[in-house]
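The values are calculated or read from the model by the stated rules, or taken from the named source; none is laboratory data. Remember, it's a predicted structure, so these values are computed and weren't measured experimentally. No Cβ is skipped: glycine too gets one built from the backbone with ideal geometry, and neighbour counts run over all protein chains shown.
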Amino acid sequence: MDIIIRTATINDVGQIAKIKIEGWQTAYKGIIDNDFLDNMNLNEEIKKRKNNIENGVDIIVAELNNEIVGFCLYRNYIKEPENYHNANCELSALYVKSSLKRKGIGSKLMKYVIQKLKNQGKTQMILGCLKENSPSRTFYEKMGGKIIKIENSKIGNKEYEEVIYEYDISNM
């Protein structure tokens, strides 16, 4: 599989938004409220991703045969530094098309991001994952994540437990 990893452009936001919605509706079925999942809005998601790119948020994509098959959103800072004293960067989203999971695409995306962050002098990365999302948690742990806390996260009108992982990327 010839996967190309590259920086996302405005032209990619439609495909990115579709992957995000499909990812949530697949991975979170039976975890997150069905009404929330069924009512995810493609146009709203496209606006969010367009806004991310226009405001300098880093998004990379995995491309296969000229089609976006995965993406990763990351920050070289922490949104809530008061909550994570050791971390200085974060992986905010990692999605791969459901039909292509377990083919190494997620690993390639994550390794690419880690290398970019290391090149910027970052040393400790965090990411959050819903506690009940066992397949993703297995992946994040296999990639070297250590659980540092469990906190509540509001999605729609409900609270869910989120596991926060930390990675010592200086040693990766």
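Here Ile5 meets each of (1) farther than 19 Å from Pro135 by Cα; (2) surrounded by 12 or more Cβ atoms within 10 Å (Cβ to Cβ); (3) out of contact with any Phe, Trp or Tyr (no Cβ under 7 Å at 6 or more places or on another chain) with one exception, condition (3). Checking Leu130, Leu117 one by one, the residue that is over 15 Å from Arg75 (Cβ atoms), touching a residue at least 40 places away in the same chain (Cβ under 8 Å), aliphatic (A, V, I, L, M) and crowded, with 18+ Cβ neighbours inside 10 Å is Leu130 and no other. A single entry from Asn34, Asn55 fulfils the requirement of being over 20 Å from Asn133 (Cα atoms) and surrounded by fewer than 15 Cβ atoms within 10 Å (Cβ to Cβ): Asn55.
As a summary of the residue check, Ser107 satisfies the conditions (1) farther than 25 Å from Ile126 by Cβ; (2) among the polar types (S, T, N, Q); (3) under 13 Å from the mean Cα position of the chain (by Cα) except for the one numbered (1). So, in region 50-98, exactly how many residues are at pLDDT 95 or above and of a type in the set (Lys, Arg)? Looking only at that region, the number is 2. Here Glu45 fulfils each of the conditions (1) of a type in the set (Asp, Glu); (2) buried (at least 18 other Cβ atoms within 10 Å of the Cβ); (3) in contact with a strand residue (DSSP E or B) (Cβ under 6 Å, 6 or more places away or on another chain) apart from (3). With respect to Glu132, determine if the residue is under 30 Å from Asp35 (Cβ atoms), outside any strand (DSSP E or B) and acidic (Asp, Glu). Yes: the conditions hold for Glu132.
Here Met1, Met40 are screened, and the one residue that is closer than 19 Å to Ile155 by Cβ and among the hydrophobic types (A, V, I, L, M, F, W, C) is Met40.
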